[in-house]
């Protein structure tokens, strides 16, 4: 069996060494075996796992949620598609809430920005600063 050192894993997954070590401390990656010289030695399956983590992060999953997905992935025989879908649907709800909140913030900022003349006058009577003080 061939092993990858952390630098090789980093190149294969395009994830820097510090992030790989961080994933290890958070339990997303199992602690690798070590060479006689103390180098971390990862097996090939870790490449797939790191890529899974990266893809999940790009979809907005937190490390806690990724840990749950990894657990479901490992226990595929005992997990259902419904279990996995429930995690994804919860993430969709979270994203919808964030979008709603961002739209609310945008509307409020649009309103106070439009009320500001934006001129060269002193900011003593600036409508933006006044709105933020209330």
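Brief remarks on what is shown
- The label-point distance for residue 130 and residue 115, in a model that sets each label 7 Å from Cα toward Cβ, rounds to 0.8 nm.
- Taking 53, 99 and counting other C-beta atoms within 10 Å, the order from fewest to most: 99, 53
- Segment residue 37-residue 64, length gained on full extension (0.36 nm per residue, minus Cα span): 6.5 nm
- The orientation-averaged projection of the convex hull spanning the C-alpha atoms of the stretch 80-134 amounts to 5.0 square nanometres.
- For the chain, the alpha carbon convex hull comes to 190 Å³ per residue, rounded to a whole number.
- Proportion of all alpha-carbon pairs of the stretch 1-79 beyond 21 Å (%): 26 percent
The numbers here are math on the coordinates, done by the rules we state, and not lab data. On a predicted model such as this, the values are computed, not experimentally measured, just so you know. Please note: Cβ atoms are built from the backbone with ideal geometry, for glycine as well, and neighbour counts cover all protein chains shown.
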